[in-house]
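Colleague: Pasting a structure here, questions to come.
The values are calculated or read from the model by the stated rules, or taken from the named source; none is laboratory data. In this text, all values refer to a predicted model and were calculated from it rather than measured experimentally. FYI the Cβ positions are ideal-geometry reconstructions off the backbone, even for glycines, and counts take in every protein chain you see.
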Amino acid sequence: MTVPLLREDVSLIPMEAGGLFQMKKTLFGSFYLSLAASIWGGMYVVSKYVLDFVPPFTLVWLRYITAFIVLFGILKFRQYKTKMRLSIRKQDYFLLGWIGFIGYFVSISLQFIGTKLSDAHTGALITSATPAFIVLFAKFVLHEWITLRKAVALLLATIGVVIVIGLDNNGGQSFWGNMMLVGAALTWALLSVYVKVASARFSALAITTYAIWFALLFTTPVMLWELHEQPVSVPSMSVVFGILYLGIISTAGAFFLWNKGMEMMDAGIGSLFFFFQPLVGAVFGFLFLREQITASFYLGGLLIIIGVFIAILSPIHQRQSKEGVNHGRSLVE
């Protein structure tokens, strides 16, 4: 009688520890993704001011060069402390280059151009469709199932964003701008899924650093052409501080947090945290740009929070139940 009891007690420890670890991992991943999306939501207040003095592709280049210097320094310092070198194979360069090209160069560029041809209101609405594309790409690239829970959470959050942002009746007048914004949403979804693929071999810090380096290479020719067409005068210190904020906080910090969060969570679930971007953007617009917040903001925000809560809470219970079943099987065997 004592042997089965001892086996049961010992086997219970890893099950409980595993459940606790998974819960902590989910909570930390949720925090990283929420913070990244929130930073991007508030970024538009700063970028709107800086873009009055610096053209868009030049600003993107300045963001990336600042972010790369910061991230590369941190990466090298960590390698020095741990005495470990990063081993990158030839196919890894293609993967990291693809992430930098499709996500940090194409997606951001399409977002800038699309917003210019359309408007910020419509742009925020269209790019908020990104999580739906992530769920679809995750099915084909990562073979993640589109469960009823994911579908319900995605639907609630999507409805919430539509309510928060509102519908623009004049959207059809900016067809090409809207098409580019759809492209921005598609390419950012691809980025998020392939970051999940790359995280099997590299840390979030390494992925972000090298992907930004590739994006910097792709952006440089366009930036040089833009400067030839539209020279930039010496900016004020407030513009310089704005560029540093965009490079260090909104690019180096937020990109790292997003990649780290996507590394720790199911891609389809992690994608839902993107909805915090327009939500926080509306709050910052109210605080700094004196934009009005209506009752629809509170209703939509509540739906977004409920959708995300459903997404992150259910997997914990499901995994614990699954672990309990497997634990019971091991006792029988």
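Colleague: Pull out all pairs, ordered by first then second residue, where Cβ-Cβ is under 8 Å, the residues are six or more apart or on different chains, the first lies in segment 224-246 and is under 16 Å from residue 47 (Cβ atoms) and touching a residue at least 60 places away in the same chain (Cβ under 8 Å), and the second is assigned to a loop (DSSP other than H, G, I, E, B) and charged (D, E, K, R).
Modeller: Correct list of pairs: empty, since none qualify.
Colleague: Here is a further query. Hey, among the residues in segment 120-170 that are farther than 17 Å from residue 195 by Cα and of a type in the set (Ser, Thr, Tyr), which one's modelled with the lowest pLDDT?
Modeller: Among those that are farther than 17 Å from residue 195 by Cα and of a type in the set (Ser, Thr, Tyr), it is 122.
Colleague: Any residue that is in contact with a Gly (Cβ under 8 Å, 6 or more places away or on another chain), crowded, with 22+ Cβ neighbours inside 10 Å and small (Gly, Ala, Ser) - is there at least one of those in segment 194-204?
Modeller: no
Colleague: Considering every residue within segment 104-116, establish whether at least one is among the aromatic types (Phe, Trp, Tyr), assigned to a helix (DSSP H, G or I), at pLDDT 75 or above and surrounded by fewer than 16 Cβ atoms within 10 Å (Cβ to Cβ). Can you show your working first?
Modeller: Narrowing segment 104-116 to residues among the aromatic types (Phe, Trp, Tyr): 104-105, 112.
From the residues that got through so far, the ones that are assigned to a helix (DSSP H, G or I) too are 104-105, 112.
If we keep only those that are at pLDDT 75 or above too, we end up with 104-105.
Next cut, surrounded by fewer than 16 Cβ atoms within 10 Å (Cβ to Cβ) only: none.
Within segment 104-116, not a single residue is among the aromatic types (Phe, Trp, Tyr), assigned to a helix (DSSP H, G or I), at pLDDT 75 or above and surrounded by fewer than 16 Cβ atoms within 10 Å (Cβ to Cβ).
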